[in-house]
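The values are calculated or read from the model by the stated rules, or taken from the named source; none is laboratory data. What you see is a predicted model, and the numbers here were worked out from it, not measured in a lab. Ideal geometry is used to build each Cβ from the backbone, glycine not excepted, and the neighbour counts take in all protein chains shown.
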C-alpha cells in the first residue's frame, strides 16, 4: 500500500462528487424539509437542492449562479486532474542525455 498522495485521483473523485451534487440538484424532485445553511453544510447535496429550489422561486438569477458555481467547480477539478495526470511518455522517442544533452521527446 502506497502512502503517496495521488493528486490526479483525488481531483477526479472530487469532480465526480460535484457532478453527483449537480445531478441531485437538477433531478426535478422537490425536497420537503427546510434546511438551515451553516458554514460546513452549504455543500451538502440536500442543502444545495433546497437552496436552489428556494432561489428558483424567489431569485432565478441566484439559482443560475448556484448552477454556474457547481458547473465551474466540476470544470476546475477536471482541469486539476488533467494537470496532475501521470506523464505517459513513449520510450522509443526518448533520446539519451549522452547523445544530445536534452531529455525532451523527439517529434515523430
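Some points to look at:
- Residue match in region 83-91 (condition: under 14 Å from the mean Cα position of the chain (by Cα), part of a helix (DSSP H, G or I) and exposed (fewer than 13 other Cβ atoms within 10 Å of the Cβ)): yes
- Of the criteria (1) exposed (fewer than 13 other Cβ atoms within 10 Å of the Cβ); (2) modelled with pLDDT under 85, which one residue 59 fails: (2)
- Region 18-36, residues that are part of a loop (DSSP other than H, G, I, E, B) and either closer than 22 Å to residue 76 by Cβ or at pLDDT 80 or above (or both): 26
- Any hit, region 64-82, residues being modelled with pLDDT of 85 or more and more than 18 Å from the chain's Cα centre (by Cα): yes
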